[in-house]
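Beneath this line is the structure, given in structure tokens, with notes to follow.
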Amino acid sequence: MDNLLKVEDLHVKVGDREILKGIDLVVNKGEVHVIMGSNGSGKSTLMNTIMANPVYKVSQGKIYFEDEDITEESVDKRARRGIFMSFQSPDEIPGVKLNDFLRISKEQVEGKKPSILAFNKQLQREMEDLNLSEDYAQRYVNVGFSGGERKKSEILQMKILDPKLALLDETDSGLDVDAVRIVSNGIRDFLENEEKSVIIITHHRELLQNIKADYVHILKDGKILQTGDDSLMDKIEKEGYEWV
Ligand SMILES: Nc1ncnc2c1ncn2[C@@H]1O[C@H](COP(=O)(O)OP(=O)(O)OP(=O)(O)O)[C@@H](O)[C@H]1O
Ligand SMILES: [Mg+2]
């Protein structure tokens, strides 16, 4: 199995406070990993650290991507390697239209200008798949977007940028059943390419209705305390996190 991401004994601090206390995680190409855990257990911190958000300082341990040590690399270098992250609460970017944002992001990640024609065609197709009407491409990124529309625009971004590893920090809150299905299908489509991998943070399994999780990890107080298969999600849904 081809190794994509390897996190080794990762300790992470914000200021003086240690939030992650020794995380080990290996993600191979083609795998779906789900991370669960109660509020404040460190899930978003783990994702942010893998994406190199500078607020989160690695005080011990290493992060490898395709066998290269990326622990000290900046966010844009990691993006160019093929790591993508969607945020739990994405920002509005007033003054920047969604289509320009996507085109410029793609150019930065790929290191060359995409053909406008091919880009527009891909954009149109992906927007149709997500049930986003064409005029969203002309609107400022996330400004006035509903919760569901923001989620869809993130999935759109993931599909346009076509990373090797997508880190999806899902709120699940405020998405109606149709939006959950569309987002879930978007992730499933992305995974149709057998080389692609995702790590999904979610509290509910509805988002995984069409996606088979290879591994489910439960985070508690900055450590992975349990790793299992799909069935671990059922157990959590029935019994909560107390027993972990
Ligand atoms: N930028 C930050 N500044 C200060 N503290 C932070 C920061 N980011 C995270 N923390 C703290 O680290 C702990 C873990 O937070 P994190 O956001 O990783 O939790 P989570 O598991 O994603 O929770 P949730 O399910 O609520 O999203 C929390 O106590 C949080 O307050
Ligand atoms: Mg979080």
- Query: Is it true that SER89 is surrounded by fewer than 17 Cβ atoms within 10 Å (Cβ to Cβ), under 26 Å from LYS159 (Cβ atoms) and within 16 Å of ligand 1 (Cβ to nearest atom)?
  - Reply: yes
- Query: What helices (runs of 4 or more DSSP H), lying completely within the range 40-125, carry at least 3 residues that are away from ligand 2 (no atom under 16 Å from the Cβ)?
  - Reply: 75-81, 98-110
- Message: Tally up the residues in the range 13-39 that are within 9 Å of ligand 1 (Cβ to nearest atom), touching a residue at least 40 places away in the same chain (Cβ under 8 Å), more than 14 Å from the chain's Cα centre (by Cα) and part of a strand (DSSP E or B), please.
- Response: 3
- What do you reckon, is GLU8 assigned to a strand (DSSP E or B), buried (at least 16 other Cβ atoms within 10 Å of the Cβ) and away from ligand 1 (no atom under 16 Å from the Cβ)? yes
- Quick one: in the range 22-35, which of the residues that are away from ligand 2 (no atom under 11 Å from the Cβ) and under 14 Å from ILE224 (Cβ atoms) is surrounded by the fewest Cβ atoms within 10 Å (Cβ to Cβ)? ASP24
- Return a yes/no flag: does the range 210-223 have any residue that is within 16 Å of ligand 2 (Cβ to nearest atom), modelled with pLDDT under 95 and of a type in the set (Asp, Glu). no
- Query: Listed residues LYS106, LYS97; which is within 18 Å of the chain's Cα centre (by Cα) and surrounded by 13 or more Cβ atoms within 10 Å (Cβ to Cβ)?
  - Reply: LYS106
- When you look at LEU168, is it at pLDDT 90 or above, out of contact with any Ser or Thr (no Cβ under 7 Å at 6 or more places or on another chain) and under 26 Å from THR49 (Cα atoms), yes or no? no
- Message: Would you confirm whether or not the range 7-17 contains a residue that is of a type in the set (A, V, I, L, M, F, W, C) and closer than 20 Å to THR202 by Cβ?
- Response: yes
- Can you give me the number of residues within the range 134-161 that are buried (at least 20 other Cβ atoms within 10 Å of the Cβ), basic (Lys, Arg) and within 22 Å of PRO114 (Cβ to Cβ)? 2
- Query: Out of all the residues in the range 49-92, which are of a type in the set (Ser, Thr, Tyr) and touching a strand residue (DSSP E or B) at 6+ places or on another chain (Cβ under 6 Å)?
  - Reply: THR49, TYR56, SER59, TYR64, THR71, SER86
- Close pairs from the range 107-120: first at negative phi, partner modelled with pLDDT under 90, Cβ under 7 Å, at least 6 apart: GLU107/PRO114
- Note on the structure: When (1) hydrophobic (A, V, I, L, M, F, W, C); (2) over 15 Å from GLN157 (Cβ atoms); (3) over 17 Å from the mean Cα position of the chain (by Cα); (4) at pLDDT 95 or above are applied to PHE119, the one that fails is (2)
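The values are calculated or read from the model by the stated rules, or taken from the named source; none is laboratory data. Being a predicted model, the structure only gives us computed values, none of them experimental. Virtual Cβ from ideal backbone geometry, glycine too; neighbours counted across all protein chains shown.
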